[in-house]
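The values are calculated or read from the model by the stated rules, or taken from the named source; none is laboratory data. The structure presented is a predicted model; accordingly, all values stated were derived computationally and were not measured. Neighbour counts run over all protein chains shown; Cβ positions are idealised from the backbone, glycine included. Protein only, heavy atoms only, side chains kept; ligands, DNA and RNA dropped before computing areas. Shrake-Rupley method; radii C 1.70, N 1.55, O 1.52, S 1.80 Å.
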Amino acid sequence: MESLRAHRLLALVRGKDPAAALRTVTTLAEEGIAAVEVSLTTTDALTVIERARAEMGPDALIGAGTVRTPADAARAVDAGASCLVTPAVVDGLAGIGVPVLMGVLTPTEIERALALGGAAIKIFPASLGGPDYLSALRSPFPDGRFVHVDIAPAPGSPPRAPGSPCSPRTAGPSGSTAARTARACRGMT
C-alpha cells in the first residue's frame, strides 16, 4: 500500500472487451500510473489480471476491484492481484495475504472495516460525499487511511475535477484513451 500512498491514484479499469482492458492496464502503467484496479465486473477480469501480471512483473500494483465475496478474493489473488478493492464491507478477507481496500460510506461501516483488518478505507460512492465529507470523516478517524474512488466519464469525455477518478472504461484500439487519461490524471494529482 506504500505505492498507492506514494502515487495517490488508483486507476479503475472496467469494460466488456478483455483485450481493451488489458491494453488500458498496460498503457496506464507505461504512462506512469503505478496502481491499477481491474474490476471483477470486467469480462474475463481474472484473465486480464493474469496477463497484466505476466506482462508487468511481480512488483506491479495490479488490484482486483468489485470483490464481493471471499471466493472472489481467493480467485483474484490466485490470478495475481496484489490488492483487493471491495464496494462494501466484506467479511472473511482477513488473512487473504494481500491488502484490502474496504468500501464504506458511513462511520459505522468504517469502524467495521477497520475491525475486519481493512488496509485502507474506500469511500464509495465518492460522488455522494465529496471532499467535505472526507474531511469530516478524518476528524473521528485520524488514523484512517482513506481512498476516494469513483468511476470517470466514458472515453472521450474530459476527466472530472481534482479529487475525482481518472480512468477510462475501455481503451481504443491503440490504447490512446488510456494514455490521454493517464496524462490528464498525472496533472491532477
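For the reader, a short list of remarks on this structure follows.
- Qualifying residues in the range 1-31 (those that are open to solvent by less than 40 Å² (accessible area, probe 1.4 Å) and in a loop (DSSP other than H, G, I, E, B)) - the one modelled with the highest pLDDT: GLY15
- Here PHE141 clears all of (1) at pLDDT below 95; (2) open to solvent by 60 Å² or more (accessible area, probe 1.4 Å) except the condition numbered (2).
- Among the residues of the range 36-71, those that are part of a loop (DSSP other than H, G, I, E, B) and open to solvent by less than 10 Å² (accessible area, probe 1.4 Å) comprise THR42, VAL67.
- Residue in the range 72-88 that is open to solvent by less than 50 Å² (accessible area, probe 1.4 Å) and among the acidic types (Asp, Glu) present: yes
- For GLY172, the requirement of being farther than 24 Å from CYS83 by Cα and modelled with pLDDT under 90 is met.
- Among residues of the range 39-64 that are hydroxyl-bearing (Ser, Thr, Tyr), those with a Cβ under 8 angstrom from a residue that is open to solvent by 80 Å² or more (accessible area, probe 1.4 Å) and assigned to a loop (DSSP other than H, G, I, E, B), sequence gap 6+ or separate chain, pair up as THR42/LYS16; THR43/LYS16.
- The range 112-124, residues that are touching a strand residue (DSSP E or B) at 6+ places or on another chain (Cβ under 9 Å) and open to solvent by 40 Å² or more (accessible area, probe 1.4 Å): ARG112, LEU114, LEU116, GLY117, PHE124
- Residue check for ALA113: assigned to a helix (DSSP H, G or I), free of Cβ contacts under 8 Å to residues at least 60 places away in the same chain and closer than 25 Å to LEU61 by Cα: yes
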